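Take a look at the structure set out below.
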Amino acid sequence: MTISTLTFQTNALAQMEALQTALTQTQTELSSGSKLPNAAADPGAMAQVNQLNMQLAASQQYVTNGNALTANLQLEQSALTNATNALQSARDLAVQGNNSALSLQDRQDIATQLQQLEQTLLGSANSTDSKGNYLFGGTASGTQPFVQSGASVAYQGASQVNQVQISADQSVSAGDAGDSVFMSIPAGNGTFTTAAGAGNTGSGSIDTGSVVNPAAWVPGTYTISFTSPAAYQITDSAGAVVGSGNYTSGDAIDFNGVEVTISGAPAAGDSYTVAPAGQASVFSTINNLIATLNSSSLTSAQVTTQIGGAIAQIDNALGNFNGLQASVGGRLNAVSTVATSSQTTQTQLQGTISTLSSTDYAAATTQLSTEELALQAAQESYASIAKLSLFNYIS
């Protein structure tokens with residue numbers, strides 16, 4: 001086949017240009033450390049790398065979310081610990097104050113200590129994070145959640161809490177709303193409350209009672225009236241008699257699946273009530289306890305009954321705090337577990353991305369030498385052949 005000089009030159013130049021392009025690309029790969037300088041280098045690999053980078057960025061964001069969440073949950077745990085300690089101290093003072101041998105001045109001194117503990121509780125309830133956001137404000141974290149007015153403390157935060165995404169398929173509550181932590185505490189024993197009549201003249205006091213047969217309990221308000229110091233009658237809110245009996249101090253009085261114990265010596269006409277338990281705040285419980293200890297008009301039996309009720313509600317609040325601390329601990333564990341898994345995932349993603357995009361220096365260096373030799377040979381071959389002429393063979 002006859003090859004014209006033009007064809008030879010065109011083909012030779014095209015080959016050298018291709019070799020020069022490959023050599024330049026290899027040099028760029030070595031200098032940049034990437035074998036994917038642009039999408040044209042390897043469209044399929046570039047698409048895969050882009051997808052992996054998106055997954056890596058998402059995983060890194062989840063870890064960042066988890067770190068911020070961990071910091072806030074640890075602050076909440078600390079605030080709950082402080083509140084628990086203050087409330088436990090309040091309980092100890094209530095037990096101390098539930099002593100008939102104490103004078104009014106003694107009880108008032110205890111009440112003063114309780115006022116200080118209430119302020120400690122209020123400070124814990126209004127705890128903030130490093131940015132000034134209130135830990136127990138719910139989604140209204142920029143608003144002070146607990147505001148005191150006189151002896152009353154009101155909650156002004158939100159009941160909902162933010163959810164933080166810590167993985168593609170898992171989110172965790174960023175905190176706990178203050179109303180569920182400090183305000184919505186079951187009163188009494190959680191099922192019903194007990195109280196001594198304001199007009200009682202005897203020395204009988206009633207405990208917080210207990211449920212012995214939940215199936216038989218009929219929620220309602222019941223009155224235990226003493227027809228004489230040794231006999232009582234129980235009526236419901238409609239006045240129907242639901243029980244009666246002879247009274248012995250310290251013996252349990254049973255009706256409708258519950259039992260209460262009255263101790264001391266009730267007088268004829270004295271009464272006690274059993275009513276469905278509602279909810280009370282930690283602050284109202286402490287305030288009522290303070291009022292009881294400061295009172296000069298309550299009888300010893302009424303003081304005993306009211307302090308006993310306060311202790312039961314403090315126990316309910318302590319149980320609520322303990323449950324919340326366990327919940328916070330569980331969320332911290334979940335964040336830690338997901339973070340560990342995310343770190344493993346990120347290492348795997350970074351390895352795959354590196355395999356697809358990073359330069360293999362040993363292979364690239366060998367390739368560069370081969371391409372340099374090929375280009376040099378092509379150039380020398382072209383120069384040598386280009387010198388040939390028919391006149392060289394004519395004598």
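The values are calculated or read from the model by the stated rules, or taken from the named source; none is laboratory data. All figures in this text were calculated on a predicted structure; none of them were measured in a lab. When we count neighbours, we look across all protein chains shown, and the Cβ atoms used for this are built from the backbone with ideal geometry, even at glycine.
The table that follows gives values for the structure above.
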| item | result |
| --- | --- |
| Options ALA168, ALA140, ALA174, ALA151: the member that is in contact with a Gly (Cβ under 8 Å, 6 or more places away or on another chain) and either over 27 Å from THR337 (Cα atoms) or at pLDDT below 95 (or both) | ALA140 |
| Selection count, the range 118-132, where residues are farther than 18 Å from VAL328 by Cα and part of a loop (DSSP other than H, G, I, E, B) | 3 |
| Where GLY142 falls short, out of the listed (1) in a loop (DSSP other than H, G, I, E, B); (2) surrounded by 13 or more Cβ atoms within 10 Å (Cβ to Cβ); (3) out of contact with any helix residue (DSSP H, G or I) (no Cβ under 8 Å at 6 or more places or on another chain) | (2) |
| Conditions (1) under 19 Å from GLY308 (Cβ atoms); (2) modelled with pLDDT under 95; number of the one not met by TYR222 | (2) |
| Odd one out for ASN288, checked against (1) within 43 Å of the chain's Cα centre (by Cα); (2) loosely packed, with under 15 Cβ neighbours inside 10 Å | (2) |
| Scan of the range 86-117 for residues that are assigned to a helix (DSSP H, G or I), over 12 Å from ALA310 (Cα atoms) and small (Gly, Ala, Ser), ordered by number | ALA86, SER89, ALA111 |
| Selected residue (only one of LEU69, LEU80, LEU75 is surrounded by 19 or more Cβ atoms within 10 Å (Cβ to Cβ) and either of a type in the set (D, E, K, R) or modelled with pLDDT of 95 or more (or both)) | LEU80 |
| Qualifying residues in the range 265-285 (those that are assigned to a loop (DSSP other than H, G, I, E, B) and hydrophobic (A, V, I, L, M, F, W, C)) - the one farthest from LEU318 (Cα to Cα) | ALA268 |
| Of all residues making up the range 149-161, the number that are surrounded by 15 or more Cβ atoms within 10 Å (Cβ to Cβ) and either part of a strand (DSSP E or B) or out of contact with any Phe, Trp or Tyr (no Cβ under 9 Å at 6 or more places or on another chain) (or both) | 4 |
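A quick yes/no check of all residues on (1) surrounded by fewer than 18 Cβ atoms within 10 Å (Cβ to Cβ); (2) of a type outside the set (S, T, N, Q); (3) in a helix (DSSP H, G or I):
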residue: ILE307; (1), (2), (3): no, yes, yes
residue: ASN316; (1), (2), (3): no, no, yes
residue: LEU324; (1), (2), (3): no, yes, yes
residue: VAL328; (1), (2), (3): no, yes, yes
residue: LEU332; (1), (2), (3): no, yes, yes
residue: VAL335; (1), (2), (3): no, yes, yes
residue: GLN343; (1), (2), (3): yes, no, yes
residue: GLN348; (1), (2), (3): yes, no, yes
residue: GLY351; (1), (2), (3): yes, yes, yes
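Listed here are the residues, each with its yes/no results for (1) surrounded by 14 or more Cβ atoms within 10 Å (Cβ to Cβ); (2) aliphatic (A, V, I, L, M).
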position: ASN213; (1), (2): no, no
position: PHE226; (1), (2): yes, no
position: TYR232; (1), (2): yes, no
position: GLY243; (1), (2): yes, no
position: ASN246; (1), (2): no, no
position: GLY250; (1), (2): no, no
position: VAL258; (1), (2): yes, yes
